[in-house]
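See structure below.
The values are calculated or read from the model by the stated rules, or taken from the named source; none is laboratory data. In this text, all values refer to a predicted model and were calculated from it rather than measured experimentally. Ideal geometry is used to build each Cβ from the backbone, glycine not excepted, and the neighbour counts take in all protein chains shown. What goes into the accessible areas is simple: the full protein's heavy atoms, side chains included, and nothing from ligands, DNA or RNA. Shrake-Rupley method; radii C 1.70, N 1.55, O 1.52, S 1.80 Å.
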Amino acid sequence: MAELTCDVLVAGAGPTGLMLANWLVKLGVDVIVADGKEGPTRESRALVVQARSLEIYDQLGLGDLVLHAAHRADALAPGFDDRAFGRIPIGPLGGDLTPFPYIEILEQSRNEEILYENLHKLGGEVRWETPVTAVTQTDEGVVAKVGNDTVRARFCVGCDGANSIVRKARRIPFEGVTNPHRFFVLDAAATGGLVENAINVRPGSSDFLLGFPMRGLGNWRLIGLVRDDDGDGRLTEEDVRPRIRRFAVTYGEARWFATYKVHHRVAAAFRDGPFFLAGDAAHVHSPVGGQGMNTGLQDAHNLAFKLADVVRGRRRDAWLDRYEAERRPVAKTLVATTDRLFGMVTSQRPATRLLRRLAAPLLAPVGVRLLPRASGGSRLFQYVSQIRIHYWMTAGAQAASNGRRDPVVGRRLPWTGGNFDVLREATWQIHAYGGVAAADLPDLGLPVHVFAEAPQTGLTPGRLYLVRPDGFVAAEAAPSDATNTFPPLLTG
């Protein structure tokens, strides 16, 4: 038995915990990561990597590696029951918005492997088969029971899943509901009847089917409702195969099969003194939209920079309150949205079933024709890909603006085709997009990057933009006002 010390104890080495550890180690923070598993997850589990998560991977230097490992879904394929209504190409919807305008299919197990291998390269490690079993707050921070050892840390982040020990130890309520239905997830080989290289969405009168293309010919992830149709008291693959056949979809063998309940829950607090929650420990929701793992990766990215700022003495402790202020509203909105969508898709009420039967066959073909050309399609891509997330950058910003959200400030920096490379510096920086002479630029001790004008991005010539290390725009100002506007946001 040993007594260990660190700056940050990360409980859980799933995608969220590993992403957090990668960034903390990269930023020079002393980290201990502990997990009760033998190693990275072996089951495929979560599957979709959205554009915003790919931008984070790219900032970490792993973008090309993730893309090489992933299988691209370049379209959505809406349908109803046994009919498919065509393809809605994804690339044109996001091609001007992000360097990653598709949905990449990369199972959770491979995400974990990539992050774990990179953590090794950065000099970090995971204490596998070493669960965090107890945590207590002290005057100096946290003391935790980790396996047979005691760990003293300044901060502890619970990335330990929906049954989080950290959340339970701090008695933080996990507020929400559980969907009454049970669902299956099946990784199928030799699959037929689905639109290739597209995410297939097939509601039905009493069922639904989601299909995600995976690497390898005929390999698909299938998700839907499961019931004990044969009355044997067990839910097995044999209960599922005939249900899938009703959608005119067939498959050979199942490489993985599981059933589960869908929960829609958000922790009542994301911060409790030196304790934080991220990923499934903080929020769980349905697989609609493929945003669960992505939201956790983005929690980790957001929190890592704040913890590093405080640990390295650049910020006071109150800076960490921004994590909950920024990320909990995102989780609440996501859970509420997926709860409503999932309820509409799975409800067995006669009126809702009739609405699905009438509306889906009418609206889906219209969407196939119109969405690729309509501005609404681009807006939909921004929401699903999570590049449209907005934070209020100061405590009084929402009231001061009467709730009106700025098109640039508080959002992830608009992509202009070449301005994301400098984000790999992972530091606060100032950007200008045309209309600014070198003599106009104030010296605030930050890197300054001047780019060409970027019309249709919201970035205005002649203005300076203060960009946070996580790529979000903290403020904008005229060059003459920047020395007054920017410094208060850099300290605290």
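Listed values, structure above:
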{"quantity": "C-alpha long axis of helix 292-311 to longest principal axis of the chain, angle in °", "calculated": "10"}
{"quantity": "Per-selection Rg to Rh, segment 383-492 - Cα, Kirkwood hydrodynamic radius", "calculated": "0.94"}
{"quantity": "Percentage, to the nearest whole number, of Cα pairs in the chain over 41 Å apart", "calculated": "21"}
{"quantity": "For the chain: relative contact order, % (alpha-carbon pairs under 8 angstrom, 6 or more apart)", "calculated": "17"}
{"quantity": "For the chain, share of DSSP beta bridges that run antiparallel, in % to the nearest 5", "calculated": "70"}
{"quantity": "Fraction of accessible area attributable to carbon and sulfur, segment 240-279 (%, probe 1.4 Å)", "calculated": "51"}
{"quantity": "Linear extension gain, THR5 paired with VAL450, 0.36 nm per residue minus alpha-carbon span", "calculated": "155.9 nm"}
{"quantity": "In degrees, nearest ten, helix 15-26 long axis to first principal axis of the chain (Cα)", "calculated": "20"}
{"quantity": "Percent carbon-and-sulfur accessible area, segment 13-157, ignoring ligands, DNA and RNA, probe 1.4 Å", "calculated": "44"}
{"quantity": "Pairwise centroid distance, computed over Cα atoms, of segment 463-492 with segment 194-273, Å", "calculated": "46"}
{"quantity": "Within-10-Å neighbourhood charge of PRO131 [Cβ basis; K, R +1; D, E -1]", "calculated": "0"}
{"quantity": "Among GLY417, PHE270, CYS6 the positive-end extreme of the charge dipole of the chain (Cβ point charges)", "calculated": "PHE270"}
{"quantity": "Burial order of peptide ranges 383-390, 271-278 (average beta-carbon count within 10 Å, highest first)", "calculated": "271-278, 383-390"}
{"quantity": "222 nm mean residue ellipticity, helices alone, for the chain (DSSP H n ≥ 4; -39,500 (n - 2.57); rounded to 500)", "calculated": "-9000 deg cm²/dmol"}
{"quantity": "Cα centre as origin, Lys/Arg/Asp/Glu Cβ charges: segment 143-224 dipole, Debye", "calculated": "560"}
{"quantity": "Farthest positive-ward along segment 151-218 dipole, Cα basis, beta-carbon charges - from PHE183, GLY204, GLY218", "calculated": "PHE183"}
{"quantity": "With Cα atoms, 0 to 90° folded angle of helix 321-346 axis to the chain main axis", "calculated": "10"}
{"quantity": "Size of charge dipole - segment 34-77 - debye, nearest 20, with Cβ of Lys, Arg +1 and Asp, Glu -1, no other charges", "calculated": "140"}
{"quantity": "In nm, spacing of pseudo-spin labels at ARG314 and ARG246 (7 Å Cα→C-beta vector)", "calculated": "5.5"}
{"quantity": "Cα convex hull volume per residue for segment 7-99 (Å³)", "calculated": "143"}
{"quantity": "Restricting segment 298-334 to trypsin sites (Lys or Arg not before Pro) in coil, as DSSP defines it, with at most 12 other Cβ within 10 Å", "calculated": "ARG312, ARG316"}
{"quantity": "Solvent exposure of the chain as accessible area per residue, Å², 1.4 Å probe", "calculated": "42"}
{"quantity": "Positive-end residue, segment 20-75 charge dipole about Cα centroid, Cβ charges, pick of ASN22, ALA34, ALA75", "calculated": "ALA75"}
{"quantity": "Sum of side-chain charges, VAL185 neighbourhood, beta-carbon under 10 Å (Lys, Arg +1; Asp, Glu -1)", "calculated": "0"}
{"quantity": "Protein accessible area in segment 390-459, 1.4 Å probe - carbon and sulfur %", "calculated": "49"}
{"quantity": "Charge dipole (debye, nearest 20) of segment 360-492; +1 at Cβ of Lys and Arg, -1 at Cβ of Asp and Glu", "calculated": "760"}
{"quantity": "Where trypsin sites (Lys or Arg not before Pro) fall in DSSP loop in segment 1-91, at most 16 other Cβ within 10 Å", "calculated": "LYS37, ARG42"}
{"quantity": "Anisotropy class of segment 1-56 from Cα gyration tensor, a/c 1.5 cut", "calculated": "oblate"}
{"quantity": "Eligible aspartates and glutamates near LYS332 by straight Cα distance, threshold 14 Å, same-chain separation 8 or greater", "calculated": "GLU175, ASP280, ASP299, GLU324"}
